[in-house]
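What follows is a short report on a single structure.
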Amino acid sequence: MAAAEPLAPGGITLLADAALEGRNTLRVPARASLLADVRDAASIGELLATPALRDQPLLVLGEGSNILFAHDWPGLVLTVAARGIEILDEGDNAARVRVAAGENWNDFVRWALGHGFAGLENLVLIPGTVGAAPIQNIGAYGVEVCEFVHAVETFDRQQGRIIELANDECAFAYRDSLFKRERDRYIVTAVEFELPRRREPRVAYAGIAEELTAIGAAGPTPLAVAEAVARLRTRKLPDPALIPNAGSFFKNPLLAEELAATLARDHPGLPCWPAGDERRKLSAAWLIEQCGFKGYRDGDAGISGRHALVLVNHGHASGADLLRVARHVAAGVHDRFGVKLEAEPRIV
């Protein structure tokens with residue numbers, strides 16, 4: 001691999017034939033023709049306008065916690081490594097906070113809690129960067145990040161400049177957004193959040209109330225809820241530092257109410273929740289467990305024995321190995337229940 005080479009005074013470093021195994025939490029081997037770390041988002045336009053890079057296929061990568069490399073990347077991998085948290089406007093009840101895309105998501109949640117803000121506590125311990133959060137519209141334990149997004153700052157490749165999109169322009173949906181649907185156009189450079197000082201806690205999700213009781217919380221304060229959620233996640237989900245994984249690999253399926261009701265009648269015990277627009281959300285984990293795939297293993301690729309949604313690398317699995325297991329599990333669920341599972345991470 002070539003030595004790191006400064007490309008421009010704006011804080012860009014470019015590597016040729018770069019290894020990506022340390023850049024994805026599934027720890028699968030892959031390489032990129034070029035890898036650019038950008039520490040100043042204002043330099044993105046200059047970078048992409050470089051003649052040698054102008055026609056290269058582009059992949060934007062954060063901490064690699066929501067991606068599966070089944071192949072090498074034949075072009076440019078770009079990481080927005082800009083850092084910084086700034087309070088733009090603050091009142092008695094809320095504040096607007098700008099966070100650079102390269103900030104670690106969990107570090108930002110802890111920052112928000114430490115500064116007395118409420119709402120993000122259910123999203124503690126989610127891996128990845130702040131820049132990735134609106135793309136996936138990350139969510140957990142009854143909360144989605146779109147509830148707190150005021151605006152998203154992005155580099156628009158069509159316009160060749162940085163623009164800001166308001167919340168209602170981001171087309172947020174379940175694990176989806178404009179940025180995910182048009183990933184070749186937008187590069188998220190920062191996110192502005194509207195963070196309240198007080199907010200009704202979301203504690204109806206299974207397990208949170210029990211954890212609050214277990215830790216002896218006097219009430220569901222944001223810090224107590226964060227501690228409860230952290231305990232739940234730590235107990236249920238494997239640590240990527242110990243066994244490589246990308247968190248929940250499959251989305252919970254959304255079905256029309258009538259079809260969901262039929263499935264629930266035919267399969268007692270199937271968890272099912274209202275999802276709006278005359279749809280219901282099913283538990284993908286339950287469907288996978290009922291097919292006997294929890295703990296399934298094919299060589300070094302498999303499904304976690306702790307949580308049926310988590311695809312894991314037990315050692316030296318390739319991206320192709322992991323993708324084969326994911327497809328096998330999805331096919332098994334479809335054969336038994338007639339329900340199609342969709343992958344949550346991006347598959348390259």
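Nothing in this text is a laboratory measurement; each read-out follows from the coordinates by a stated rule. This one's a predicted model, so the numbers in the text were calculated from it and none came from an experiment. Don't worry about glycine lacking a Cβ; one is built from the backbone with ideal geometry, like all the others, and counts go over all protein chains shown.
Annotation: peptides 89-95, 18-24, ranked by per-residue average of other Cβ atoms within 10 Å with the highest first, follow the order 18-24, 89-95. Under the criterion of Cα pairs below 8 Å and six or more residues apart, the relative contact order for the chain equals 15 percent. Entry note, region 1-107: relative contact order of 23 percent, from Cα contacts under 8 Å with a spacing of 6+ residues.
Cβ-to-Cβ counts within 10 Å put Trp273, Trp105, Trp73, Trp111 in ascending order as Trp273, Trp111, Trp73, Trp105, the fewest first.
Distance between the 7 Å Cα→Cβ label points at Glu182 and Ala70: 2.7 nm. Taking other C-beta atoms within 10 Å as the exposure proxy, Ile135, Ile12 rank Ile12, Ile135 from fewest upward.
Between His328 and Arg161, the simple label model (points 7 Å from Cα in the Cβ direction) yields a spacing of 5.3 nm.
Any lysines with Cα under 19 Å of the Lys236 Cα? List them, leaving off those in the same chain fewer than 8 positions away. In chain and number order, the partners are Lys251, Lys294.
Given Cβ point charges of +1 (Lys, Arg) and -1 (Asp, Glu) and nothing else, what value in debye, to the nearest 20, does the dipole of the chain about its Cα centre take? The partial results should precede the final answer.
Working: 37 positive and 45 negative charges, 185 e Å.
Dipole size: approximately 880 debye.
Projecting the Cα atoms of Cys291, Pro57, Phe155 onto the charge dipole of the chain, computed from C-beta unit charges around the Cα centre, puts Cys291 farthest toward the positive end.
Quick check: residue separation of Thr50 and Glu210 times 0.36 nm, minus the Cα distance between them. What number comes out in nm? Please list the in-between numbers first.
On the way: separation 160, 0.36 × 160 = 57.60 nm, distance 5.56 nm.
So the chain would gain 52.0 nm between Thr50 and Glu210.
With 0.36 nm allotted per residue and the present C-alpha distance subtracted, the Arg83-Arg265 stretch has 60.5 nm of extension available. Over the chain, dividing the summed -39,500 (n - 2.57) contributions of all DSSP H runs of at least 4 residues by the number of residues returns a 222 nm mean residue ellipticity of -7000 deg cm²/dmol.
In what sequence do Ile215, Ile138, Ile303 fall when counting other Cβ within 10 Å, fewest first? Present the calculation step by step, with values, prior to reporting the outcome.
Numbers: Ile215 11, Ile138 21, Ile303 26.
Least crowded to most crowded, the residues run Ile215, Ile138, Ile303.
Put a dot 7 Å past the Cα of Arg306, heading toward its Cβ, do the same for Arg336, and the two dots end up 2.3 nm apart. Top mean-square fluctuation among Gly119, Gly160, Gly269, Gaussian network model of the chain, C-alpha springs under 10 Å? Evaluated over the chain, the most mobile residue of the options is Gly269.
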